[in-house]
C-alpha cells in the first residue's frame, strides 16, 4: 500500500498500524511523534490507528534548535 | 583553559518565573549550531541555564556525526522548550507544537506544556508574522499550551499576544542569528512597560539577536526578565567561554537594573570635593 512518509513515497503492508510503521522504520526505541494527514496520533493511540492508502505520515523527533 | 564556575545566579535575586515554574538562571539557551554535542553540553553547563530550546524535525535521529541530541541533554536537569522554528503559518505552528508536546510527554519532561511559538513571515529576515503569530497563540492557549511567544519589538504587537494569553512574550533584540544586539532599546523598554502594566511579574524575555555578552547586560538593564540566545554562543570561537561570559553578563545586568542607575547629566559632576582644593581653578 502506497503512502507518503516524511515527504517521500513509501510502501507499507495492508492493515499496518502507526505503531507498526514506527517499528518498520527501526524506531521502536526512539522517542518520536507521529502525525497522519496533519493530525497528531498520540503515542497511546498509535497501535489502534490503521494506516489508509495515500496517508501522508510524518515521523518527527527533537533536534538542536534555537 | 580553566575558568572558575560561578554559581548559577545570586540567590538574593528574584528567580525567573514562567507560569508556575521558577528558575535561578535568567538565561535560556538554544541547542542548535554547536560544533558538536560535547561542546554544546559544556556550553549549557557553563551558562548556568536551566531551560533549553529544541526544534521538531523529521526523523533526523542522529546528526552528521552520528550523535543524538537527546543523549547529550540531561533531561533531569533541563526543562526542554520545544520551538516551532521554520513554521510560516499558524496552522503549521500548531501542528508542530502538538508534535513537540507528544514527544516531551513521552520523555516526562516538564516542558511538555510549553511551546516557544515562532510564526515567521519571511525566510531571509526570519522576522515574525504578527498576524500568524497572534492566530497561533490564541489556538495554542485554547489547546492548553503555555505559549512563550517570539515576536518583534513592536510594543503593541507584544501587548496583543499577552492579551491572547501568552505565558511570556519574547520580543526580538534584533533578527535571529544576526548578532546585532538590542537594535531598538526604546522599543524593548516600551514592550516591558506595557507588558508589565497589569502585573509587574509578567515574564518578558528578550529572544534573538545576541552577539556578545554586553547585549545580554543591556537587555537585563532595561528590565527584561531573561534572555534567550543560540547563535551568539554556538558560533562563538569558544562557545564554552562565551557561555560563561553570558552568565556573568546576565547577572551583572540584572543587578545593575535592580541597583538603579544614575540619571544622565549634560555636565560633569566632580567625584572629589572642591573644598580644600589647593589648585588654581580657571574662572574662579
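The values are calculated or read from the model by the stated rules, or taken from the named source; none is laboratory data. It should be emphasised that the depicted structure is a prediction, and the values quoted were computed from it without experimental measurement. FYI the Cβ positions are ideal-geometry reconstructions off the backbone, even for glycines, and counts take in every protein chain you see.
In table form, for the structure just shown:
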quantity	calculated
Residue B:249 being within 14 Å of another protein chain (Cβ to nearest Cβ) and surrounded by 21 or more Cβ atoms within 10 Å (Cβ to Cβ)	no
Filter result (surrounded by fewer than 24 Cβ atoms within 10 Å (Cβ to Cβ) and in contact with a helix residue (DSSP H, G or I) (Cβ under 6 Å, 6 or more places away or on another chain)) within segment B:189-203	B:190, B:194, B:195, B:202
Hits in segment A:1-34 (condition: in a strand (DSSP E or B) and away from chain B (no Cβ under 11 Å))	A:2, A:3, A:4, A:9, A:10, A:11, A:17
Those residues of segment A:35-58 which are within 11 Å of another protein chain (Cβ to nearest Cβ) and in a strand (DSSP E or B), in sequence order	A:35, A:39, A:40, A:41, A:57, A:58
Selection status of residue B:239, within 14 Å of another protein chain (Cβ to nearest Cβ) and surrounded by fewer than 19 Cβ atoms within 10 Å (Cβ to Cβ)	no
Matching entry among B:206, B:233 (being touching a helix residue (DSSP H, G or I) at 6+ places or on another chain (Cβ under 8 Å), assigned to a strand (DSSP E or B) and either touching a residue at least 24 places away in the same chain (Cβ under 8 Å) or surrounded by 14 or more Cβ atoms within 10 Å (Cβ to Cβ) (or both))	B:206
Condition check for residue B:140: buried (at least 24 other Cβ atoms within 10 Å of the Cβ), assigned to a helix (DSSP H, G or I) and touching a residue at least 40 places away in the same chain (Cβ under 8 Å)	yes
Strands (runs of 3 or more DSSP E) contained in segment B:18-135 and holding at least 2 residues touching a helix residue (DSSP H, G or I) at 6+ places or on another chain (Cβ under 9 Å) and modelled with pLDDT of 95 or more	B:27-30, B:51-58, B:79-82, B:114-117
Residue among A:31, A:3, A:57, A:51 that alone is under 30 Å from residue B:41 (Cα atoms) and in contact (Cβ under 8 Å) with a residue 24 or more places away in the chain	A:31
Failed condition for residue A:62, given (1) facing chain B (nearest Cβ under 8 Å); (2) touching a residue at least 40 places away in the same chain (Cβ under 8 Å)	(2)
Unique match (being on the phi < 0 side of the Ramachandran plot, outside any helix (DSSP H, G or I) and either surrounded by fewer than 21 Cβ atoms within 10 Å (Cβ to Cβ) or at pLDDT below 95 (or both)) among B:186, B:256, B:271, B:214	B:271
Unmet requirement for residue B:106, which otherwise passes all of (1) facing chain A (nearest Cβ under 10 Å); (2) surrounded by fewer than 17 Cβ atoms within 10 Å (Cβ to Cβ); (3) touching a residue at least 24 places away in the same chain (Cβ under 8 Å)	(3)
Filtered residue count, segment B:219-230, keeping only those that are surrounded by fewer than 23 Cβ atoms within 10 Å (Cβ to Cβ) and either free of Cβ contacts under 8 Å to residues at least 40 places away in the same chain or in a strand (DSSP E or B) (or both)	1
